[in-house]
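Working notes for the structure below.
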Amino acid sequence: MGKKEITRDNHYVPIWYQKGFITGSRKKLHYLNLAPDEIQLPDGRTKHHRNLFESHPSQCFYQTDLYSTFFGSNINDEIEKKLFGDIDRLGAPAISAFSNDDVSTWHRHFQDLFLYLDAQKIRTPKGLDWIRSRYPKLDQNALMMEMQGVRTINCTIWSESVREIVSARNSGVKFIVTDHPVTIYNPACPPEHDLCRYPAEPSITLKASQTLFPLDQNHCLILTNLEYAQEPEATEPLEKRTFARQIRESLVRTDKFIKTRELSDQDVISINHVLKSRARRYVAAGQKEWLWPERDFEGNWKDVGELLLPPADGLWQFGGETFVGYEDGSVHYQDAFGRTKPKSDTLIKNIKESKIGANDSCGCGSGRKYKKCCRGKPEKQRTSWKSLSIRERNLGFFRGVNAILGTDPGKDWQDVRKELDEEKVKEIHELHGYLWPVDTDIFELLPKPDGMTRAVYSGFIDPRTAPFTVSNACLYFGEVLMQNPFVNPNQMKKEFSPVENPHSYLTQTLKHLMTFFQLAPLIESGHVNLFPDPSSLDPSLQNYAMGLAERRSKEIPLSERDLDIYRRIQEEDFHHTLCMLPKGSQENMLRQADPDASEEYIGYFINHLDRMRQDDPLVLLRDGVYDASQEAGQFSMFQTVPNFELLLFIAQATGAFVVTDSHHRWTEMCAASRRDAGIVSPRIPNTSNFAATSNMPLCEDVQAVSVMLDGGKLGAHRKWIDELYRQLRDQKTKPSDTELLAGLKDATVAVQRNFTDNHTKGM
């Protein structure tokens, strides 16, 4: 057998696609090189390669080893042949279908069109450079893996857009093709805008962002956000569109495309101007004079937006509400933006910043004064002012829970343990789901990297562990983020939902309530913010995170220390279960364990369990928790949250340190710092070791922590972590490991010296 031929010249704009821009019977296109290479002549002079040439499409828009992966000396071309081979095989007839008017073929090729479109956007050198700009340390193999992970990220939003195909058949000028054919236009983002700085483009999640893609020289696809198409003048172009979630399922009409517009020469020139402005290096056209649309372009960048808007009389085909009935009687609902539940107006804020005084509470909902929070802060460093903040939702949840439980000054935790029933469990989780609907943009509400030293806690959320670690983290960080322990019922199957099956969540709800009440003073002051599990708001994200977790779980076993903690907690939970069993079940279990036990001993044992039941705050003081009449037992959730990948994402998005009391999670962090992808890459490796072994002072009393923080005490703690933060984030000065550690040790000594006195005063 002959040696397998390896394809190394990878076309990032397919040959078949380029041919669609050839004029008449010609076989070549005119190409313009926007950045020709320099040639150094022997006499010292410099000249450039030709910038204008004719060529067959097979000789252009390719790059050697653009998609190749390497394993030692072996070169693999499976991405070129199998991945993009299949995409191109399905994409070619899809492009052809939408260049014509046969609606039946549109339906058959609808999905293939958008899959091709998304792949084409990311497969170019510019698209791959965009990935590198987010993850600079990716090697070629890791880059190819990341590319495959994001190559369908835009499909849903695109398919929900107003879809128009405009024609240049009657125009003397035809559409051009560039080395980055899928182009994003936003009227507020001219080529010199920061959002257009190479390799970036305006995100398609912005309200006024439109996607342009020439199907061939005579047809161009334009995708427009419906709410922008309906009210272009009333839309803030750089705001996020409604329910701007990129990876999700949606229902759309596959037969609806607007194909009524015939463009003039100037119209086509305007679109070509936009296409060329987003090119990386090369532009091609059927005729040479079309390569310079900027020469004949009339108007300005913003004016192009009026041309690109779809005709108003065609918008009736898009949007609206969709109801789908199924044989089992269930109904699927979807609104015009892809949301499966109606938007709640009670979660929306309408605050005018101009009316807020310096000493008023900030409009972002942080609880801090405006002058010490958002005043003077750049927009990109702010959390949303348009929706209730994480803290405001937590406070609303706290008030709602108190109302549900009927707590007042005359009631205590004993009463909660006696009175917690299925109806209360259901109402508590309904409230949680109401405050965190599936269309929540959690990353809009999370804090941004703004110079504040904050931490995100990762560990086992249990009242016996998490409150201690989280409250002590507040001594060192200005804000601590922790995943809310309550599960969100909005995306859960009925058999597992606390709303549909509340009895199974009695004991777990009691635990979560205690965790929440323990941290309540710190939540109210804004030192702790409980965010929902991001994957509970997004099924696609959940599936993706679970897949990553399954692959990763095989790499790092649980540490013995973590196992010991888990065994202790599980043992305590088993005792809790024994205490809540009916007395008959308790007696039967004892007789099975010891058939010779006397009646006196059995009575003593049952009385001991009753005393344990009364004394243990995590045991319900009600009957029927484990009655035989109940079909289900009690769910026991035992997991370290957030998921590791989500943890890194949240930490990166918020500029937060990671705080953990889990050895397993710490091991994962250390392993990640050594990966080629460089997701976590500490510049000074000994710093983390020092932080882990420095015996920084801690307070065992959560309430005392709150008192000390409210009194403005223990500033040395913050100075310590501020110094660490500054040194690790400062890119200009790079002190030696020795210098940094010396400074941190001095700061720690000062903290230790002052802690005891401040702690005493705080009490």
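Sorted largest first, the spans of the alpha carbon positions of the chain along the three principal axes are 104, 74, 70 Å. Using a cutoff of 8 angstrom between alpha carbon atoms and counting only pairs six or more residues apart, the relative contact order for the stretch 9-317 works out to 23 percent.
Near SER387, the amide H atoms lying under 5 Å from its own belong to LYS349; only residues 5 or more places off or on other chains count, and H is placed 1.01 Å from N.
Cross-link reach is defined here as a Cα-Cα straight distance under 27 Å, omitting same-chain residues fewer than 8 places apart; for LYS583 the lysines meeting it are LYS418, LYS424, LYS511.
Where both bridge residues fall in the chain, DSSP classifies roughly 75% of the beta bridges as antiparallel. Taking the inverse of the mean reciprocal distance over all distinct Cα pairs, the Kirkwood hydrodynamic radius of the stretch 9-317 comes to 20.2 Å. Binning the alpha carbon pair distances of the stretch 312-470 at 10 angstrom intervals from zero yields the distribution 8, 23, 29, 25, 12, 2, 0, expressed in whole percent. Using just its DSSP H runs of length 4 or more, each adding -39500 (n - 2.57), the chain gives a mean residue ellipticity at 222 nm of -12500 deg cm²/dmol after division by all residues.
Gap in Å between the Cα centre of the stretch 577-604 and the Cα centre of the stretch 485-524? The two parts, judged by their Cα centres, are 31 Å apart.
For the stretch 118-180, trypsin sites (Lys or Arg not before Pro) meeting the loop criterion (DSSP other than H, G, I, E, B) and having at most 12 other Cβ atoms within 10 Å: LYS137, ARG169. Taking a point 7 angstrom from the Cα of GLU239 along the C-beta vector, which residues in the stretch 196-214 have backbone N less than 11 Å away? The answer is 207-208. Look at where the Cα atoms of the stretch 373-435 and of the stretch 138-203 average out, and the two centres are 41 Å apart. Compared with the direct C-alpha span, the chain from PHE398 to HIS193 gains 69.4 nm at full extension, assuming 0.36 nm per residue. Under 19 Å of direct C-alpha separation, and excluding same-chain neighbours fewer than eight residues apart, LYS121 reaches these lysines: LYS19, LYS81, LYS82, LYS276. Taking every C-alpha pair closer than 8 Å and separated by at least 6 residues, the mean separation divided by the residue count of the chain gives a relative contact order of 11 percent. Ignoring lysines fewer than eight residues from LYS371 along the same chain, the ones with Cα atoms less than 22 angstrom from its Cα are LYS349, LYS352, LYS355, LYS380, LYS386, LYS448, LYS713, LYS719. What you get for the chain, charging only the Cβ of Lys and Arg (+1) and of Asp and Glu (-1), is a dipole of about 2820 debye around the Cα centre.
We did not get these values from a lab; they are worked out from the coordinates using the rules stated. In this text, all values refer to a predicted model and were calculated from it rather than measured experimentally. Neighbour counts run over all protein chains shown; Cβ positions are idealised from the backbone, glycine included.
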